Each structure stands twice: as structure tokens, then as C-alpha cells.
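Colleague: Have a look at the structure that comes next, please.
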Amino acid sequence: MPTAPNATGRELEGLGTPALLLDEARMMANIARLKSRLERLKVRFRPHLKTAKSVEIARRMMTSPEGPATVSTLKEAEEFARAGVRDLLYAVGIAPQKLARVTALRAQGVDVQVVLDSTEQAEAVAGASRGSGQAIPAFIEIDCDGHRSGVIPEDPRLIEIGRILHDGGAELRGVMTHAGGSYDASDPAGIEAAAAHERDAVVACAQALRAAGLPCPVVSVGSTPTAHFARDLTGVTEMRAGVFVFFDMTMVKLGVCRMDDVALSVLTTVIGHQTGQRALIVDAGWMALSRDHDETPGAKTHGYGHVCNLQGVPYPDLIVTHTNQEHGVVSASPGSRARSPELPIGTRLRILPHHACATAAQHERYHLLNTDNRVVAELPRISGW
Ligand SMILES: Cc1ncc(COP(=O)(O)O)c(C=O)c1O
């Protein structure tokens, strides 16, 4: 990824809006912070590439050009494999119809691993392993906090699924979980507890499989909050995290980072005023920001994102309160004494997103910024499934 000297690059003023901006120095600091933390905790890092969906950024996140890494679609797996990544966990429950794409990648020498939590999926993976003559590596997903999919640790199906894979011709590579419930924690102690719970649940399942005579070499956990707050990962072998690379207002609110760590922003232009409500209208609606927003009632909400000036300096309490497809309404957060600044039509602003993965997904490319806020490269994003 070329990083031009600060004197070069395009001015932000010349960019069409809305546009997705990426502050390279902040991103690199975010990556370095988590990598050094995981080195101290002695777990391998398998970054989740679903937030960035960019080959150039993936190379910055991974510990080697060949991986390991995590993906959320087979399209990502195919694109990253084309770019030389050789160790990929596809971390969304496998649909039997997708196994042909998995075996095609494996036949090219890419170690694609799948995730499942049912006997039906285990039968399908075992069948595809026998049919293709290659043992497909599979992880049993564990539900550590009731927020989504996975087998709960006490469920006898854990061993049943393990046996179907192991005896049926697939490879039981391990267990994995994602502590999505950590996003609901109300303070750092809550995230720490979620991290301990995430570890305990998955380590208990690994022990149960081993006690039943089944292999379980890999024990995989991961979410950005728990990756930053875990104190002890004994029994865990690898960590996955994705949104840490950019951070967003959700992570600011959770106390995982500060506002000046957020590397992603949407460049927008003031296109009107709502005089009565003292609100500004900007050309970043939900097409540019996504529909994902902070639903917390009252003054604590950051709405669709926090508003900054063109240099990226946040205005106190100024947020995007409403969106239509191509309009955003910018005003002071509810209950705040701050007033919206009086900015003329044509003023450029930057919005720190509520949810970086969702906002980035609305755009085709990143505009990479150097420390002088000049655009030094454009990085395409992978889209589709
Ligand atoms: C299976 C899995 N692992 C890891 C992650 C990464 O979590 P985060 O986005 O909090 O970094 C996710 C995110 O959704 C996930 O679904």
C-alpha cells in the first residue's frame, strides 16, 4: 500500500461526497495495539477481515501474507485466496450448497475451514469430504452467551456432532465462539466478565470433546471488546477480531477506544439548513452511513454517527440524528446544551460511524489519508457473497 510523503496526495476539498475516508496512522495504531496485546496473552491472531474487506488492509492486519485470517463470505475467501492467503476460517454456519466452493478452494491448496452447529451440517461436511477425497476441517460453534448461533456447552449434541465429523471422513479441527453479548456490557468490568465467560464456555467444550476421545486442537474465540479486555486466555489457542481495525462510535461508547482512535469516517457536504430546528442537512444519508444506528434513548445516543470538522476534530455533542436515503440531519444530541454550528452550504464535514462494518459496506472504496489529511491511495473493497 503506497504511503506518499505528506506533501503529496489529493486535497480532501477536491473529493466528491459522500466518500469513505480511512486515516492510515490511526488504523496502524489500532492494529499494533491489538497485536501486542495478543502477544502478551500468548494466543495466535486470526483477524476477521469482514470489516475491512480489502486485500491491502488485510495485509496490514494479518501476522503473515498467508494468514491466518477469518472471513464472513466465500467471496471474501476466494478474493483473499487469489491474493495469496492460505489459511482461512469461514466463520458463518456452512450451508451444504456452499461446500463445492469450499472444496474447490481446498483443491487449490487453501486451508479453508468451516463452522457448524448441527448434526445435519456435520453429515453434509462429512459427505462432501468423502465425495471430494479431502477431509474438510470443521469447527463446532459454541453459543457462549445466547446471542446467536451455536451449541450450548451442556448440549449432548456437541459430542454427537464431533463424532459425525471425526468418524465420517471430515476433520474435527476445533471449537469456536463469538461473544457478541459483550456489545451489551455496560462497563469495562462487564466486558471483562464476558471475555472470561467466552473463554470458559469454549474451553469446557474442548475438554468435553477430548474426554470423549475426539481431537480438538484449536480453541478459537473473538470479538473486539473481549479481545481488548480479556485478562487470561488459558486454554484458548487463537483470537478473532474485526472492527478493532477501524473502531467506531459503538466501541467508543463501550470504552474500548477513544474518539480519536476511530480511523473511519464519511466525508459529507452541508446541503441545507432546518432553521426552526437548528439542524444542518448533509449529503450523507443511510446510503452512505447505513441504517445501523445507536438506538439508546436520550442524551447518550450518537445516532448514525458523531460529526467532526474537515480535519477530523469532533464538534461537542453534534450527531446525525436522522437519515433518509441521501439526506442526513445533523443536530445536537437530545438534551445537550450544545448548539449546531452555523455552517454555510458547501461546508465539508466528517462523520465517525456508529458501526464501521455496516458503514464501510455501503462504499466501493476507501480513500486512504496521510497525517496531513491528504488522500494518498484508493483501496477497493470486496463485495457480494
Ligand atoms: C464469528 C465471528 N468472529 C469474530 C467476529 C469479530 O468481532 P468484532 O466485529 O467485534 O471484532 C465476528 C463479528 O461479527 C464474528 O461473527
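The values are calculated or read from the model by the stated rules, or taken from the named source; none is laboratory data. Quick caveat, the model's predicted, so the values are computed rather than measured. No Cβ is skipped: glycine too gets one built from the backbone with ideal geometry, and neighbour counts run over all protein chains shown. When the accessible area is computed, the model is the full protein with side chains, heavy atoms only, and any ligands, DNA or RNA have been set aside. Shrake-Rupley method; radii C 1.70, N 1.55, O 1.52, S 1.80 Å.
Colleague: Being part of a loop (DSSP other than H, G, I, E, B) and among the acidic types (D, E) is the filter; apply it to the range 229-259 and report the residue that is nearest to the ligand (Cβ to nearest atom).
Modeller: D248
Colleague: Restricting to the range 176-207, and then to whatever is more than 20 Å from the chain's Cα centre (by Cα) and open to solvent by less than 40 Å² (accessible area, probe 1.4 Å), can you tell me which residue is nearest to the ligand (Cβ to nearest atom)?
Modeller: Here the answer is V202.
Colleague: Listed residues A107, A29, A124; which is open to solvent by less than 50 Å² (accessible area, probe 1.4 Å), of a type in the set (G, A, S), at pLDDT 95 or above and out of contact with any Ser or Thr (no Cβ under 6 Å at 6 or more places or on another chain)?
Modeller: A124
Colleague: Follow-up. For the structure I just gave you, tell me whether A211 is open to solvent by 10 Å² or more (accessible area, probe 1.4 Å), over 22 Å from L88 (Cα atoms) and within 14 Å of the ligand (Cβ to nearest atom). Give the steps one after another, and end with the answer.
Modeller: Values: open to solvent by 10 Å² or more (accessible area, probe 1.4 Å): yes; over 22 Å from L88 (Cα atoms): yes; within 14 Å of the ligand (Cβ to nearest atom): no.
So A211 fails the test.
Colleague: Kindly establish whether A299 is over 18 Å from A263 (Cα atoms), free of Cβ contacts under 8 Å to residues at least 60 places away in the same chain, open to solvent by 30 Å² or more (accessible area, probe 1.4 Å) and not in a loop (DSSP other than H, G, I, E, B).
Modeller: Values: over 18 Å from A263 (Cα atoms): yes; free of Cβ contacts under 8 Å to residues at least 60 places away in the same chain: yes; open to solvent by 30 Å² or more (accessible area, probe 1.4 Å): yes; not in a loop (DSSP other than H, G, I, E, B): yes.
Spelling it out, A299 is indeed over 18 Å from A263 (Cα atoms), free of Cβ contacts under 8 Å to residues at least 60 places away in the same chain, open to solvent by 30 Å² or more (accessible area, probe 1.4 Å) and not in a loop (DSSP other than H, G, I, E, B).
Colleague: Checking W286 against (1) open to solvent by 10 Å² or more (accessible area, probe 1.4 Å); (2) within 18 Å of L21 (Cα to Cα); (3) within 16 Å of the ligand (Cβ to nearest atom), which test does it fail?
Modeller: (3)
Colleague: With V307, V313, V376 as the choices, which residue is touching a Phe, Trp or Tyr at 6+ places or on another chain (Cβ under 7 Å) and either loosely packed, with under 14 Cβ neighbours inside 10 Å or of a type in the set (V, I, T) (or both)?
Modeller: Result: V307 is the single residue among V307, V313, V376 that is touching a Phe, Trp or Tyr at 6+ places or on another chain (Cβ under 7 Å) and either loosely packed, with under 14 Cβ neighbours inside 10 Å or of a type in the set (V, I, T) (or both).
Colleague: Strands (runs of 3 or more DSSP E) wholly in the range 317-383 with at least 3 residues that are aliphatic (A, V, I, L, M) - which ones?
Modeller: Output list reads 328-332, 348-353, 374-380.
Colleague: Which residue out of L41, L74 is within 16 Å of the ligand (Cβ to nearest atom), open to solvent by less than 10 Å² (accessible area, probe 1.4 Å), in contact (Cβ under 8 Å) with a residue 24 or more places away in the chain and on the phi < 0 side of the Ramachandran plot?
Modeller: L74
Colleague: Then there's this: Which residue pairs have Cβ atoms under 6 Å apart, sit 6 or more places apart or on different chains, and have a first residue in the range 230-246 that is touching a residue at least 40 places away in the same chain (Cβ under 8 Å) and a second that is within 6 Å of the ligand (Cβ to nearest atom) and open to solvent by 10 Å² or more (accessible area, probe 1.4 Å)?
Modeller: Hits for this filter: R240/H48; G242/H48.
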